[in-house]
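The values are calculated or read from the model by the stated rules, or taken from the named source; none is laboratory data. These numbers come from a predicted model, not from an experiment. Glycine gets a Cβ as well: all are built from the backbone with ideal geometry, and neighbour counts include every protein chain shown. Keep in mind that these areas ignore ligands, DNA and RNA; they rest on the heavy atoms of the full protein, side chains included. Shrake-Rupley method; radii C 1.70, N 1.55, O 1.52, S 1.80 Å.
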Amino acid sequence: MRLTEFKDHQRELYYFHLRIGIAGAFVLAAFSLLLLRFVYLQIVQYDYYRTKAEDNRISIVPIIPNRGLILDRGGTVLARNYSAYTLEISPGKVADLEKTINDLESVVEIRASDRTRFKRLMIEAKGADSLPIRTRLTDEEVARFAVNRYRFPGVDIQARLFRQYPLNELASHVTGYIGRINDRDVERIDEAGLTANYKGTDHIGKTGLEQSYENELHGITGYEQVEVDSAGRGVRTLSRTPPTPGNNLVLTLDIKLQEVAEQALGDNRGALVAIDPATGGILAFVSKPGFDPNLFVDGIDTASWDSLNTSADRPMVNRALAGTYPPGPTFKPYMALAALELGKRTPQQAINDPGYFLFGGHRFRDDKPGGHGVVDMYKSIVVSCDTYYYVLANDLGIDNIARFIGKFGFGARTGIDIEGEATGVLPSQEWKRRRFKRPEHQKWYAGETISVGIGQGYNAYTPLQMAQAMATLANNGVVYRPHLVNYIENARSGERTIVEPQLERTLGLKPANIEFIKQALAGVNIEGTGARAFANAEYTSAGKTGTAQVIALKQNEKYDESRVAERHRDHALFIAFAPLEDPKIALAVVVENGGFGARAAAPVARQVLDYYLLGKRVDRPAAEITGGESND
C-alpha cells in the first residue's frame with residue numbers, strides 16, 4: 001500500500017505571515033530610527049550643523065595691519081614697510097615635506113640657506129599655519145609657480161609686508177629690529193591678553209624702539225570672512241573688517257647729527273649720547289660698531305649671526321645704553337661741585353702738587369711728572385690735576401661722594417624709553433657690603449676712596465648716564481628723564497600724542513657754585529686740555545677731557561701706550577655742553593681703547609657741536625684730526 005504525504009498548508013501559511021510580520025516590523029523599526037535620526041540631525045541639531053557647515057564653507061582670515069613707521073625729528077624714515085610675495089608651505093597639509101621642497105626647486109630657486117632657515121622656523125614657530133620657504137619672489141617666479149600650483153597641495157603664494165631699515169647700520173641700536181615670533185614671545189603675548197590681535201602676525205619687535213614701542217607700532221588686526229571651495233581656496237569675500245595700522249613714532253633724534261657722530265667715531269669702538277638739556281630729548285645715540293637690522297627681517301642666516309655674535313667688537317651690544325666705563329677725569333667737575341656744596345672747599349683754596357699724593361704707604365701719581373705746582377679749584381679742572389682730587393676725595397669720604405654724585409643719576413637707570421639699560425656702579429660702603437659675600441671683601445678701605453676721586457676704582461657708568469649728568473649741570477641742576485620719542489602719530493588721522501618732557505627732580509644747587517663749575521669747564525676748552533680740539537670755535541663751550549685706565553698699573557709703573565695691547569689701552573672720554581650762555585646740547589663721548597681723551601674723544605665732540613650749532617660738517621673721522629695735550 002502506498003503511503004501518501006499530506007502537507008499542512010495552514011501551518012505553513014501561518015509561519016509565512018509571521019516571517020512577513022517580523023520583517024515588516026524590522027523594516028518599520030529601521031525606518032523609524034532613520035526618521036528619528038533625520039529629525040534629530042535636521043531639527044534638533046540644526047543650528048549646530050548649520051554652524052559647522054558654515055565653518056567649512058567660510059574661513060576667517062586675519063588681515064595683518066601695517067606696522068607703524070619710525071621717523072627722525074625731520075621726517076627721515078628709519079623703519080618702513082613694503083609688500084612682496086613669499087612662497088609658503090603649510091606643514092600640516094604636506095605629506096612628504098622633503099620631497100615637496102625638492103620638487104619646488106624645479107620651479108623656483110631654493111638655496112641651502114632657505115632650507116636651513118625653514119627648518120629653524122619649524123622649531124621656533126611651532127603651530128604656525130604656514131612658513132616661508134622663499135621670500136621676495138620675482139614676478140617671473142610668481143608666474144612660474146602659479147602655472148604649477150596644482151602639483152603642490154599645501155604650498156601657496158602669499159603677499160606679505162616686510163620691514164625695511166633704509167639707513168642700514170645708521171642708528172641701528174636705536175631702531176632695533178623685528179624678528180619671527182618664538183615661544184617666549186607667544187608666552188608674553190598670551191600673558192598680555194593680546195593673542196587675538198597677533199593672529200596671522202609672524203614678526204614682533206625684538207630690540208630697540210621696535211621692542212619698547214611694540215604696542216604702538218603693531219596696530220589692530222583685521223578679519224575677512226572668505227567663502228572657500230572643497231580644496232580650501234578662497235572663492236569670494238563675504239565681509240571684511242579692515243585692520244587699523246600701527247602708530248608712527250617721530251623721534252627727538254636728529255639723524256643727520258647721528259650720521260655726523262657715527263662718521264666722527266670712524267672705525268673706533270665706542271659710544272656718543274647727545275641730549276637737549278631743556279627737555280631730555282635724545283639728539284644722537286651712537287653705539288659703534290653697529291649692525292644691519294635688515295639681516296633679521298627674514299630670519300638671519302647662521303653665518304651672519306655667528307659673525308655678529310662671536311665678533312670681538314661686539315656689534316650687538318648697545319654701548320650707549322648697556323656699556324659701563326670708568327668715567328676717569330670727567331668725574332672731577334662733580335667732585336669739585338660736591339666740595340663746594342658740602343663746604344669742604346672754596347674756589348680759592350689751593351694745594352701744592354708735587355706730582356703725587358702719599359697715602360698709607362702708597363704713592364698715587366699725577367699724570368704730570370713733577371706736578372702742577374700751586375693748584376686751586378679752577379686750575380684743577382682746567383689742567384685736570386689728579387693730585388688735587390686725591391686729596392679732595394680723602395677729605396670728602398666715600399659716602400659723601402656717593403650721596404652727592406648719585407643726585408646726578410650716576411649708578412642708576414635713567415628710565416629712558418628703550419629697554420636694556422645698565423645700572424652702572426656708584427661705589428659706597430653700602431654698595432660694597434651688598435656686592436661681596438665674604439666679610440673680608442666687604443670692608444671699605446680708605447685707599448679705595450682715593451681712586452674713586454679721579455673716576456677710577458669701582459666707578460662704572462654708561463655713556464647715557466654721563467650725558468644726562470652733563471645735561472643736568474648745563475640745566476643748573478634740573479633733571480629731565482631722557483627720551484627718544486618726541487610724539488606718537490596716528491597713521492590714519494594724523495593726530496599727535498606729544499611725549500611731554502618729564503621733570504625728574506631739581507637738585508637745589510647754589511647758583512654761584514654751578515656758575516663757577518661752568519666757567520671752569522669753559523676754561524678747559526679755552527686754555528686747558530680741550531683747547532686744541534676747540535681752537536677757533538665760533539661758540540663758547542664747556543667740556544672736560546678724560547682718560548680712564550682699562551688695566552691697573554703696578555706702583556710706580558708708568559703707562560706706555562705703545563707697549564700695551566690695543567684692547568688694554570686706556571679709554572678716551574669727553575663730556576661737553578654748548579653754547580655756554582644758553583646750552584642747547586650736552587653730550588658724552590667714549591672711545592674704547594682710544595688713549596687720551598683730548599686726542600681721541602674731544603675732536604669727535606667738536607665735530608658734533610659744530611654741526612649742531614653751526615651746520616658745519618667735516619666728512620672724515622675725528623681720528624684724522626690732531627687732538628690736544630695728553631694730560632686729562
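Structure summary
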quantity	calculated
Selection count, the stretch 65-91, where residues are in a loop (DSSP other than H, G, I, E, B) and surrounded by 14 or more Cβ atoms within 10 Å (Cβ to Cβ)	9
Residue list for the stretch 87-106, restricted to those being over 38 Å from the mean Cα position of the chain (by Cα) and of a type in the set (Ser, Thr, Tyr)	Thr100, Ser106
Odd one out for Arg160, checked against (1) assigned to a strand (DSSP E or B); (2) of a type outside the set (Ser, Thr, Tyr); (3) at pLDDT 85 or above	(3)
Pick from the stretch 348-366, criterion touching a Cys at 6+ places or on another chain (Cβ under 9 Å) and either of a type in the set (Val, Ile, Thr) or assigned to a loop (DSSP other than H, G, I, E, B) (or both), ranking: farthest from Ala520 (Cα to Cα)	Asp366
Residue count for the stretch 92-126, restricted to those that are open to solvent by less than 80 Å² (accessible area, probe 1.4 Å) and not in a loop (DSSP other than H, G, I, E, B)	17
Filter result for Glu557 (open to solvent by 10 Å² or more (accessible area, probe 1.4 Å), modelled with pLDDT under 95 and under 26 Å from Asn459 (Cβ atoms))	yes
Test result for Ala171, over 18 Å from Tyr85 (Cα atoms), open to solvent by less than 70 Å² (accessible area, probe 1.4 Å) and at pLDDT 90 or above	yes
Complete set of residues in the stretch 1-48 that are at pLDDT below 65 and open to solvent by 100 Å² or more (accessible area, probe 1.4 Å)	Met1, Arg2, Leu3, Glu5, Phe6, Lys7
One residue from Ala578, Ala598 being open to solvent by less than 10 Å² (accessible area, probe 1.4 Å), touching a helix residue (DSSP H, G or I) at 6+ places or on another chain (Cβ under 8 Å) and over 18 Å from Leu464 (Cβ atoms)	Ala578
Residue within the stretch 185-194 that is among the aliphatic types (A, V, I, L, M) and more than 25 Å from Asn490 (Cβ to Cβ) present	yes
